[in-house]
Amino acid sequence: MSFINHASREINCKIVYYGPGLCGKTTNLQYVYQKTAPESKGKMISLATESERTLFFDFLPLALGEVRGFKTRFHLYTVPGQVFYDASRKLILKGVDGVVFVADSQEERMDANIESLENLRDNLDEHGYDLDNMPFVMQYNKQDLPNISPMDELQKYLNPHKVPEYRACAMTGVGVFETLKAIARLVLLDLKKGGR
Amino acid sequence: MYSAQSNFELYDAEMNKINTITSHLLKAAQAKAIFLVDKNGLMISSTGEVAGLDITSLASLTAGNIATTGGLAKLIGEKEFSIQFHEGENDSIHLSIVAGRVILVVIFDANSSLGLVRLRVKRASASLTQVFEDIAHRQEQQGATSYSANPFAEITDDDIDNLFN
Ligand SMILES: Nc1nc2c(ncn2[C@@H]2O[C@H](COP(=O)(O)OP(=O)(O)OP(=O)(O)O)[C@@H](O)[C@H]2O)c(=O)[nH]1
Ligand SMILES: [Mg+2]
(Lines give C-alpha, C1' and ligand atoms only; values in the text may rest on other atoms or scores of the structure.)
(Ligands and ions follow the chains in the order given, each with its own letter.)
Protein backbone atom coordinates (compact mmCIF):
# COMPACT_ATOMS: atom_id res chain seq x y z
CA MET A 1 0.00 0.00 0.00
CA SER A 2 2.06 2.93 -1.23
CA PHE A 3 1.28 6.43 -0.14
CA ILE A 4 1.10 8.86 -3.05
CA ASN A 5 0.95 12.48 -1.97
CA HIS A 6 -0.06 14.56 -4.98
CA ALA A 7 0.09 17.74 -2.92
CA SER A 8 3.80 17.43 -2.12
CA ARG A 9 4.44 15.22 -5.18
CA GLU A 10 5.91 12.41 -3.12
CA ILE A 11 5.59 8.70 -3.22
CA ASN A 12 6.43 6.52 -0.22
CA CYS A 13 7.00 2.79 -0.41
CA LYS A 14 7.62 0.30 2.39
CA ILE A 15 10.08 -2.54 1.90
CA VAL A 16 10.51 -5.24 4.53
CA TYR A 17 13.56 -7.49 4.94
CA TYR A 18 12.42 -10.84 6.32
CA GLY A 19 14.30 -14.00 7.27
CA PRO A 20 15.42 -16.25 10.14
CA GLY A 21 17.42 -15.02 13.14
CA LEU A 22 20.99 -13.96 12.39
CA CYS A 23 20.60 -14.32 8.60
CA GLY A 24 21.91 -10.78 8.07
CA LYS A 25 18.87 -8.51 7.67
CA THR A 26 20.23 -5.77 9.90
CA THR A 27 23.63 -6.09 8.21
CA ASN A 28 21.97 -5.43 4.82
CA LEU A 29 20.48 -2.17 6.08
CA GLN A 30 23.72 -1.14 7.78
CA TYR A 31 25.59 -1.58 4.51
CA VAL A 32 23.00 0.43 2.56
CA TYR A 33 23.21 3.13 5.22
CA GLN A 34 27.03 3.27 5.07
CA LYS A 35 27.12 3.50 1.30
CA THR A 36 24.34 6.00 0.74
CA ALA A 37 25.11 9.70 0.35
CA PRO A 38 24.06 11.77 3.40
CA GLU A 39 21.53 13.80 1.40
CA SER A 40 19.74 10.64 0.30
CA LYS A 41 19.26 9.01 3.67
CA GLY A 42 17.68 9.70 7.02
CA LYS A 43 18.71 8.37 10.39
CA MET A 44 18.83 4.61 10.80
CA ILE A 45 16.84 3.50 13.82
CA SER A 46 17.54 0.13 15.40
CA LEU A 47 15.33 -1.12 18.18
CA ALA A 48 17.61 -3.89 19.38
CA THR A 49 18.49 -5.94 22.45
CA GLU A 50 21.75 -5.39 24.29
CA SER A 51 23.27 -8.23 22.29
CA GLU A 52 22.33 -6.42 19.05
CA ARG A 53 19.55 -8.76 18.06
CA THR A 54 16.64 -6.90 16.52
CA LEU A 55 13.92 -6.49 19.13
CA PHE A 56 11.23 -4.72 17.12
CA PHE A 57 12.62 -3.35 13.86
CA ASP A 58 15.38 -1.49 12.07
CA PHE A 59 14.25 1.45 10.01
CA LEU A 60 16.12 3.26 7.24
CA PRO A 61 14.46 5.97 5.16
CA LEU A 62 15.94 6.57 1.70
CA ALA A 63 15.11 9.44 -0.62
CA LEU A 64 16.50 8.30 -3.91
CA GLY A 65 15.40 10.93 -6.36
CA GLU A 66 12.54 11.67 -8.70
CA VAL A 67 10.52 9.48 -10.96
CA ARG A 68 8.14 11.28 -13.32
CA GLY A 69 8.30 14.40 -11.15
CA PHE A 70 7.57 12.56 -7.93
CA LYS A 71 10.06 12.40 -5.08
CA THR A 72 10.56 8.73 -4.40
CA ARG A 73 11.09 7.57 -0.85
CA PHE A 74 11.72 4.03 0.23
CA HIS A 75 11.33 3.07 3.85
CA LEU A 76 13.35 -0.04 4.60
CA TYR A 77 12.40 -2.14 7.61
CA THR A 78 13.81 -5.36 9.04
CA VAL A 79 11.85 -7.72 11.24
CA PRO A 80 13.23 -9.51 14.31
CA GLY A 81 14.13 -13.00 13.09
CA GLN A 82 13.98 -14.87 16.36
CA VAL A 83 11.00 -17.23 16.35
CA PHE A 84 9.36 -15.88 19.51
CA TYR A 85 9.03 -12.34 18.15
CA ASP A 86 6.25 -13.36 15.79
CA ALA A 87 3.73 -10.80 17.03
CA SER A 88 6.17 -7.99 16.18
CA ARG A 89 6.93 -9.43 12.74
CA LYS A 90 3.25 -9.44 11.95
CA LEU A 91 2.90 -5.76 12.87
CA ILE A 92 5.80 -4.70 10.70
CA LEU A 93 4.34 -6.33 7.59
CA LYS A 94 1.34 -4.05 7.73
CA GLY A 95 1.23 -1.87 4.63
CA VAL A 96 4.25 -3.53 3.02
CA ASP A 97 4.84 -2.88 -0.69
CA GLY A 98 7.69 -5.30 -1.28
CA VAL A 99 9.51 -8.07 0.56
CA VAL A 100 13.15 -9.15 0.51
CA PHE A 101 13.72 -12.60 1.96
CA VAL A 102 17.26 -12.87 3.33
CA ALA A 103 18.18 -16.53 3.52
CA ASP A 104 21.13 -17.81 5.54
CA SER A 105 22.93 -20.02 3.01
CA GLN A 106 24.62 -22.20 5.66
CA GLU A 107 23.54 -25.84 5.45
CA GLU A 108 22.47 -26.01 9.07
CA ARG A 109 20.13 -23.04 8.59
CA MET A 110 18.09 -24.58 5.76
CA ASP A 111 15.28 -25.63 8.10
CA ALA A 112 15.22 -22.20 9.72
CA ASN A 113 14.95 -20.58 6.27
CA ILE A 114 12.05 -22.80 5.26
CA GLU A 115 10.27 -22.18 8.53
CA SER A 116 10.74 -18.43 8.26
CA LEU A 117 9.48 -18.39 4.67
CA GLU A 118 6.34 -20.26 5.71
CA ASN A 119 5.93 -17.84 8.58
CA LEU A 120 6.19 -14.94 6.10
CA ARG A 121 3.42 -16.44 3.96
CA ASP A 122 1.17 -16.95 6.97
CA ASN A 123 1.73 -13.46 8.32
CA LEU A 124 1.14 -11.82 4.94
CA ASP A 125 -2.00 -13.87 4.58
CA GLU A 126 -3.33 -12.44 7.83
CA HIS A 127 -3.03 -8.96 6.32
CA GLY A 128 -4.73 -10.13 3.14
CA TYR A 129 -1.56 -10.15 1.03
CA ASP A 130 -0.36 -12.99 -1.15
CA LEU A 131 3.39 -13.47 -1.48
CA ASP A 132 3.01 -14.87 -5.00
CA ASN A 133 1.20 -11.76 -6.02
CA MET A 134 3.43 -8.99 -4.77
CA PRO A 135 6.95 -7.63 -5.28
CA PHE A 136 9.30 -10.23 -3.80
CA VAL A 137 13.02 -10.98 -4.18
CA MET A 138 15.24 -13.63 -2.66
CA GLN A 139 18.75 -13.10 -1.30
CA TYR A 140 21.08 -16.00 -0.46
CA ASN A 141 23.31 -14.38 2.15
CA LYS A 142 26.56 -15.49 3.81
CA GLN A 143 27.91 -16.89 0.55
CA ASP A 144 31.42 -16.28 1.91
CA LEU A 145 31.11 -19.13 4.42
CA PRO A 146 32.44 -22.63 3.65
CA ASN A 147 29.48 -24.71 4.85
CA ILE A 148 26.79 -23.43 2.47
CA SER A 149 24.08 -25.40 0.66
CA PRO A 150 24.53 -25.76 -3.09
CA MET A 151 22.62 -23.23 -5.20
CA ASP A 152 20.24 -25.75 -6.74
CA GLU A 153 19.15 -26.82 -3.29
CA LEU A 154 18.61 -23.24 -2.09
CA GLN A 155 16.60 -22.56 -5.23
CA LYS A 156 14.56 -25.72 -4.93
CA TYR A 157 13.47 -25.15 -1.35
CA LEU A 158 13.37 -21.39 -1.12
CA ASN A 159 12.60 -20.11 -4.59
CA PRO A 160 10.42 -22.56 -6.51
CA HIS A 161 8.57 -19.73 -8.28
CA LYS A 162 11.85 -18.23 -9.46
CA VAL A 163 11.52 -14.65 -8.27
CA PRO A 164 14.65 -12.52 -8.84
CA GLU A 165 17.43 -13.97 -6.67
CA TYR A 166 20.84 -12.71 -5.57
CA ARG A 167 23.84 -14.25 -3.87
CA ALA A 168 25.19 -11.98 -1.20
CA CYS A 169 27.69 -11.36 1.51
CA ALA A 170 26.02 -8.54 3.39
CA MET A 171 29.04 -8.12 5.63
CA THR A 172 31.17 -6.94 2.71
CA GLY A 173 28.22 -5.61 0.71
CA VAL A 174 28.28 -8.11 -2.14
CA GLY A 175 24.77 -8.34 -3.61
CA VAL A 176 23.24 -5.84 -1.19
CA PHE A 177 22.48 -3.04 -3.65
CA GLU A 178 21.57 -5.52 -6.40
CA THR A 179 18.91 -6.88 -4.05
CA LEU A 180 17.63 -3.44 -3.08
CA LYS A 181 17.52 -2.25 -6.66
CA ALA A 182 15.59 -5.33 -7.70
CA ILE A 183 12.90 -4.89 -5.06
CA ALA A 184 12.64 -1.13 -5.70
CA ARG A 185 12.16 -1.86 -9.38
CA LEU A 186 9.40 -4.39 -8.71
CA VAL A 187 7.62 -2.03 -6.32
CA LEU A 188 7.65 0.84 -8.81
CA LEU A 189 6.53 -1.43 -11.64
CA ASP A 190 3.74 -2.62 -9.38
CA LEU A 191 2.59 0.99 -8.97
CA LYS A 192 2.46 1.27 -12.71
CA LYS A 193 -0.26 -1.35 -12.66
CA GLY A 194 -2.19 0.99 -10.37
CA GLY A 195 -2.13 -0.85 -7.09
CA ARG A 196 -2.90 -4.45 -6.35
CA MET B 1 -12.33 1.82 5.72
CA TYR B 2 -9.49 1.42 3.22
CA SER B 3 -8.89 -1.89 1.53
CA ALA B 4 -5.60 -3.43 2.52
CA GLN B 5 -4.30 -3.46 -1.00
CA SER B 6 -5.13 -0.15 -2.63
CA ASN B 7 -2.72 2.74 -2.54
CA PHE B 8 -3.39 5.73 -0.34
CA GLU B 9 -3.44 8.96 -2.30
CA LEU B 10 -3.81 12.55 -1.18
CA TYR B 11 -4.54 15.61 -3.30
CA ASP B 12 -3.89 19.33 -2.74
CA ALA B 13 -7.42 20.20 -1.70
CA GLU B 14 -7.43 17.38 0.86
CA MET B 15 -4.04 18.40 2.23
CA ASN B 16 -5.28 21.97 2.58
CA LYS B 17 -8.27 20.86 4.61
CA ILE B 18 -6.05 18.73 6.83
CA ASN B 19 -3.54 21.53 7.33
CA THR B 20 -6.25 24.02 8.21
CA ILE B 21 -7.54 21.74 10.95
CA THR B 22 -4.10 20.96 12.39
CA SER B 23 -2.97 24.61 12.38
CA HIS B 24 -6.13 25.56 14.17
CA LEU B 25 -5.58 22.78 16.69
CA LEU B 26 -2.00 23.94 17.23
CA LYS B 27 -3.25 27.33 18.41
CA ALA B 28 -6.32 26.14 20.28
CA ALA B 29 -4.39 23.53 22.24
CA GLN B 30 -1.40 25.85 22.73
CA ALA B 31 0.75 22.99 21.53
CA LYS B 32 4.34 23.06 20.29
CA ALA B 33 3.90 20.81 17.30
CA ILE B 34 1.29 18.66 15.66
CA PHE B 35 1.74 15.72 13.32
CA LEU B 36 -0.53 13.46 11.40
CA VAL B 37 1.03 10.09 10.74
CA ASP B 38 -0.44 7.23 8.79
CA LYS B 39 -0.63 3.95 10.71
CA ASN B 40 2.04 2.49 8.45
CA GLY B 41 4.53 5.10 9.59
CA LEU B 42 4.33 7.76 6.90
CA MET B 43 4.18 11.44 7.75
CA ILE B 44 1.10 13.09 6.29
CA SER B 45 1.33 16.57 7.76
CA SER B 46 3.32 18.51 10.32
CA THR B 47 2.92 21.95 11.82
CA GLY B 48 4.42 24.03 14.63
CA GLU B 49 7.98 23.88 15.94
CA VAL B 50 9.17 21.08 13.72
CA ALA B 51 12.59 22.35 12.65
CA GLY B 52 15.32 20.30 14.33
CA LEU B 53 12.95 17.37 14.79
CA ASP B 54 13.61 14.20 12.81
CA ILE B 55 10.05 13.86 11.58
CA THR B 56 10.64 10.74 9.48
CA SER B 57 11.88 8.85 12.55
CA LEU B 58 9.09 10.34 14.59
CA ALA B 59 6.52 8.99 12.15
CA SER B 60 8.01 5.51 12.06
CA LEU B 61 8.33 5.22 15.84
CA THR B 62 4.85 6.60 16.41
CA ALA B 63 3.39 3.98 14.09
CA GLY B 64 5.48 1.27 15.79
CA ASN B 65 4.19 2.42 19.15
CA ILE B 66 0.55 2.44 18.04
CA ALA B 67 0.99 -0.95 16.39
CA THR B 68 2.43 -2.40 19.59
CA THR B 69 -0.26 -1.03 21.85
CA GLY B 70 -2.85 -2.14 19.29
CA GLY B 71 -1.43 -5.65 19.55
CA LEU B 72 -1.62 -5.45 23.33
CA ALA B 73 -5.21 -4.24 23.15
CA LYS B 74 -6.23 -7.21 21.04
CA LEU B 75 -4.56 -9.56 23.50
CA ILE B 76 -6.85 -8.39 26.26
CA GLY B 77 -9.90 -8.27 24.02
CA GLU B 78 -10.00 -4.55 23.24
CA LYS B 79 -10.24 -3.20 19.69
CA GLU B 80 -7.54 -0.62 20.26
CA PHE B 81 -6.37 1.93 22.80
CA SER B 82 -7.46 5.06 21.03
CA ILE B 83 -5.55 7.52 23.21
CA GLN B 84 -2.05 7.49 24.67
CA PHE B 85 -0.19 10.02 26.69
CA HIS B 86 3.52 10.12 27.51
CA GLU B 87 4.70 12.65 30.02
CA GLY B 88 8.23 14.03 29.92
CA GLU B 89 10.08 16.47 32.14
CA ASN B 90 9.52 19.33 29.70
CA ASP B 91 7.59 18.06 26.74
CA SER B 92 4.78 15.58 26.57
CA ILE B 93 3.20 13.64 23.74
CA HIS B 94 -0.48 12.93 23.20
CA LEU B 95 -1.36 10.28 20.61
CA SER B 96 -4.82 9.52 19.33
CA ILE B 97 -6.22 7.49 16.48
CA VAL B 98 -8.38 9.30 13.96
CA ALA B 99 -10.78 7.60 11.57
CA GLY B 100 -9.23 4.27 12.46
CA ARG B 101 -6.23 4.84 10.27
CA VAL B 102 -4.22 7.97 11.07
CA ILE B 103 -2.46 9.00 14.24
CA LEU B 104 -2.76 12.53 15.55
CA VAL B 105 0.37 13.47 17.50
CA VAL B 106 0.37 16.53 19.73
CA ILE B 107 3.57 17.68 21.42
CA PHE B 108 3.12 20.21 24.17
CA ASP B 109 4.88 21.71 27.20
CA ALA B 110 3.91 23.55 30.38
CA ASN B 111 2.24 26.29 28.31
CA SER B 112 -0.59 23.88 27.81
CA SER B 113 -2.09 21.03 29.81
CA LEU B 114 -3.31 17.52 29.28
CA GLY B 115 -6.89 18.61 29.90
CA LEU B 116 -6.78 21.35 27.28
CA VAL B 117 -5.07 19.11 24.74
CA ARG B 118 -7.65 16.37 25.30
CA LEU B 119 -10.51 18.75 24.82
CA ARG B 120 -9.16 20.34 21.64
CA VAL B 121 -8.05 17.03 20.16
CA LYS B 122 -11.56 15.70 20.55
CA ARG B 123 -12.98 18.50 18.46
CA ALA B 124 -10.24 18.38 15.81
CA SER B 125 -10.62 14.61 15.59
CA ALA B 126 -14.23 14.95 14.57
CA SER B 127 -13.32 17.33 11.73
CA LEU B 128 -10.38 15.18 10.64
CA THR B 129 -12.56 12.07 10.67
CA GLN B 130 -14.89 13.79 8.24
CA VAL B 131 -11.99 14.68 5.92
CA PHE B 132 -10.59 11.15 5.97
CA GLU B 133 -14.01 9.65 5.38
CA ASP B 134 -14.39 11.89 2.35
CA ILE B 135 -10.98 10.76 1.14
CA ALA B 136 -11.98 7.13 1.58
CA HIS B 137 -15.18 7.80 -0.31
CA ARG B 138 -13.32 9.54 -3.12
CA GLN B 139 -10.90 6.61 -3.35
CA GLU B 140 -13.73 4.13 -3.52
CA GLN B 141 -15.32 6.06 -6.37
CA GLN B 142 -12.04 6.25 -8.21
CA GLY B 143 -11.33 2.58 -7.71
CA ALA B 144 -7.65 1.73 -7.65
CA THR B 145 -5.52 4.50 -9.14
CA SER B 146 -7.21 5.06 -12.44
CA TYR B 147 -4.85 4.23 -15.24
CA SER B 148 -4.99 7.58 -16.99
CA ALA B 149 -4.31 9.61 -13.84
CA ASN B 150 -1.56 7.29 -12.65
CA PRO B 151 1.72 9.22 -12.88
CA PHE B 152 3.60 5.93 -12.91
CA ALA B 153 1.75 4.38 -15.80
CA GLU B 154 4.53 5.40 -18.15
CA ILE B 155 7.46 4.46 -15.96
CA THR B 156 10.42 2.89 -17.75
CA ASP B 157 13.39 0.77 -16.72
CA ASP B 158 15.60 3.81 -17.30
CA ASP B 159 13.60 5.83 -14.78
CA ILE B 160 14.29 3.17 -12.20
CA ASP B 161 17.98 2.80 -13.05
CA ASN B 162 18.42 6.57 -12.73
CA LEU B 163 17.26 6.45 -9.12
CA PHE B 164 20.32 4.48 -8.13
CA ASN B 165 22.96 6.51 -9.92
N1 LIG C 1 30.14 -14.45 7.37
C2 LIG C 1 29.11 -13.64 7.23
N3 LIG C 1 28.52 -13.12 8.32
C4 LIG C 1 27.46 -12.30 8.15
C5 LIG C 1 26.98 -11.95 6.86
N6 LIG C 1 25.92 -11.12 7.01
C7 LIG C 1 25.75 -10.94 8.34
N8 LIG C 1 26.68 -11.65 9.03
C9 LIG C 1 26.85 -11.72 10.49
O10 LIG C 1 25.77 -12.43 11.04
C11 LIG C 1 25.43 -11.91 12.34
C12 LIG C 1 23.95 -11.57 12.41
O13 LIG C 1 23.68 -10.52 11.51
P14 LIG C 1 22.42 -9.55 11.68
O15 LIG C 1 22.40 -8.66 10.49
O16 LIG C 1 22.41 -8.93 13.01
O17 LIG C 1 21.25 -10.63 11.61
P18 LIG C 1 19.67 -10.37 11.65
O19 LIG C 1 19.11 -11.12 10.50
O20 LIG C 1 19.39 -8.93 11.70
O21 LIG C 1 19.27 -11.10 13.01
P22 LIG C 1 17.98 -10.81 13.96
O23 LIG C 1 17.96 -9.35 14.24
O24 LIG C 1 18.14 -11.61 15.18
O25 LIG C 1 16.79 -11.26 13.18
C26 LIG C 1 26.33 -10.70 12.54
O27 LIG C 1 27.40 -11.10 13.34
C28 LIG C 1 26.80 -10.36 11.15
O29 LIG C 1 28.05 -9.75 11.15
C30 LIG C 1 27.63 -12.51 5.71
O31 LIG C 1 27.30 -12.28 4.56
N32 LIG C 1 28.69 -13.35 5.96
MG1 LIG D 1 18.38 -7.77 12.99
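Descriptive notes on the structure:
- Inspection of the stretch A:89-106 identifies no residue that is surrounded by fewer than 16 Cβ atoms within 10 Å (Cβ to Cβ) and either touching an Asp or Glu at 6+ places or on another chain (Cβ under 9 Å) or closer than 23 Å to B:Ala59 by Cα (or both).
- Only one entry in A:Leu22, A:Leu29, A:Leu93, A:Leu64 is closer than 27 Å to A:Leu191 by Cα, within 14 Å of ligand 2 (Cβ to nearest atom) and in contact (Cβ under 8 Å) with a residue 12 or more places away in the chain, namely A:Leu29.
- Qualifying residues in the stretch A:1-16 (those that are more than 7 Å from chain B (Cβ to nearest Cβ) and of a type in the set (A, V, I, L, M)) - the one nearest to A:Phe101 (Cα to Cα): A:Val16
- Restricting attention to the stretch A:125-183, the residues that are crowded, with 16+ Cβ neighbours inside 10 Å and without any contact (Cβ under 8 Å) to a residue 12 or more places away in the chain add up to 1.
Here's the yes/no breakdown for (1) within 11 Å of chain B (Cβ to nearest Cβ); (2) away from ligand 1 (no atom under 13 Å from the Cβ); (3) of a type outside the set (A, V, I, L, M):
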{"residue": "A:Gly19", "(1), (2), (3)": "no, no, yes"}
{"residue": "A:Cys23", "(1), (2), (3)": "no, no, yes"}
{"residue": "A:Asn28", "(1), (2), (3)": "no, no, yes"}
{"residue": "A:Thr36", "(1), (2), (3)": "yes, yes, yes"}
{"residue": "A:Ile45", "(1), (2), (3)": "yes, yes, no"}
{"residue": "A:Thr54", "(1), (2), (3)": "no, no, yes"}
{"residue": "A:Leu64", "(1), (2), (3)": "yes, yes, no"}
{"residue": "A:Arg68", "(1), (2), (3)": "yes, yes, yes"}
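- Test for B:Ala110: is it within 14 Å of another protein chain (Cβ to nearest Cβ) and hydrophobic (A, V, I, L, M, F, W, C): no
- Residue list for the stretch A:71-88, filter: touching a residue at least 40 places away in the same chain (Cβ under 8 Å), open to solvent by 40 Å² or more (accessible area, probe 1.4 Å) and more than 14 Å from ligand 2 (Cβ to nearest atom): A:Lys71, A:Arg73
- Residues being without any contact (Cβ under 8 Å) to a residue 40 or more places away in the chain and more than 16 Å from ligand 2 (Cβ to nearest atom) - total across the stretch A:35-61: 9
- Residues of the stretch B:5-38 satisfying the condition of being at pLDDT 90 or above and part of a loop (DSSP other than H, G, I, E, B): B:Tyr11, B:Ala29, B:Gln30, B:Ala31, B:Lys32
- Within the stretch A:1-35, the residues that satisfy the criterion of being open to solvent by 20 Å² or more (accessible area, probe 1.4 Å) and not in a strand (DSSP E or B) are A:His6, A:Ala7, A:Ser8, A:Arg9, A:Leu22, A:Thr26, A:Thr27, A:Gln30, A:Tyr31, A:Tyr33, A:Gln34, A:Lys35.
- Among strands (runs of 3 or more DSSP E) entirely within the stretch B:44-145, having at least 2 residues that are open to solvent by 50 Å² or more (accessible area, probe 1.4 Å) singles out B:83-87.
The values are calculated or read from the model by the stated rules, or taken from the named source; none is laboratory data. Just so we're clear, the structure is a prediction, and the values are computed from it rather than from any experiment. Every residue, glycine as well, gets a Cβ built from its backbone with ideal geometry; the counts of neighbours run over all protein chains shown. Just so you know, the surface numbers come from the protein's heavy atoms only, side chains and all, with ligands and any DNA or RNA stripped out. Shrake-Rupley method; radii C 1.70, N 1.55, O 1.52, S 1.80 Å.
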